[in-house]
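First up is the structure itself, then whatever we jot down about it.
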Amino acid sequence: MTEARRRPTVWQWLTYMVGRPLPAELRDWVRHDLTGPHAAIRHVLRSELAYSPIFVVFLLFPGPFWVRALMVLLALLLSTFYTVSYMDQNRARRLEMNGLPPDLQSARAAALHQSDREAYEARYGRR
């Protein structure tokens with residue numbers, strides 16, 4: 001039976017969420033978090049959670065509720081846009097900060113890259 005993957009504590013995860021590296025013994029967890037299945041969804045949710053204090057502050061502003069709700073919606077749309085736009089760079093930086101190669105790919109991406117490479121070599125020859 002395989003050993004269960006060790007998870008970070010709540011405090012470690014919160015500091016990881018805002019950009020701090022985790023201890024070396026959690027490297028396998030970081031690898032899975034950033035390259036495993038549903039890594040993109042985890043990245044977006046982790047980033048939006050980091051922005052949540054700003055959303056709460058916007059809800060506390062004076063004025064009609066619909067104006068405050070639209071402020072939160074605009075902030076949510078902008079934060080999601082930038083989170084998705086810079087996902088690859090953030091992922092590479094997190095991998096590097098935690099002692100992993102920044103170009104580490106998921107197994108699925110590596111297999112796709114390999115099949116593309118084989119198709120290229122079959123068509124144009126090895127370079």
Please find, in a Gaussian network model of the chain (springs between Cα atoms separated by less than 10 Å), the residue of R31, R108, R91 whose mean-square fluctuation is greatest. R108
Give me the compactness ratio for the range 51-127, meaning the Cα radius of gyration over 2.2 N^0.38 Å. 1.86
Distance cut-off 21 Å, percentage of C-alpha pairs in the range 1-117 lying past it: 48
Once you have the Cα-Cα distance between E25 and L77, take 0.36 nm times their residue separation minus that, and quote the gain in nm to one decimal. 15.2 nm
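Values in this text are rule-based calculations from the coordinates and carry no lab data. As the structure is a computational prediction, the values presented were derived from the model and not from experiment.
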